[in-house]
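Read-outs: derived from the displayed coordinates by stated rules, not from any lab. Being a predicted model, the structure only gives us computed values, none of them experimental.
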Amino acid sequence: MKKDIILPKVENVAVAVVPETSPIGETEWSVFLVNLKQKDLTGVLVSSRGYGENTMTGEQLKTSMLRHFLDKVEAESFCKIEPISEEVFGLSNEYWVSFYLDSTMYDKKYIFMAESIKEENIVNIPVINKMGVMIK
């Protein structure tokens, strides 16, 4: 039965972590959902969580799971999902995105592995036109 389930492949949808400057001049990081498609995404649900291990103690760490609902992400646009603290960059940060496109449901996990949100992985994020770390 499981082989009969068709899972459509997600393309041209990305999650990006972007540094921004706050009104008081400090760097704040935000997570964005980027729609690179020519069509709107509707009924978007994003679940986020962080998990990993403290390298000093071996203790397992995890953050609370947060859920966000975005009614619509227009074609070739983006929406801010949530702020993210630099303190959790040492953890794997997972964003599970589900959405409808032409009445078909899609979903995909985007995982920023521990220590992957750093200077050497920064690229220009299309549509947002800012520098950041992106998973497509």
Check: C-alpha center segment 73-113 vs C-alpha center segment 17-51, spacing in Å is 7 Å
For the table Lys9/Lys80; Lys39/Lys136; Lys9/Lys118; Lys72/Lys118, the rows whose alpha-carbon distance is greater than 21 Å are Lys9/Lys80; Lys9/Lys118; Lys72/Lys118
Segment 2-116: relative contact order from alpha carbon pairs under 8 Å, six or more residues apart, as a whole percent, is 28 percent
Sorted largest first, the Cα spans of the chain on the principal axes come out in Å as 46, 40, 25
For segment 35-111, Rg(Cα) over 2.2 N^0.38 Å is 1.30
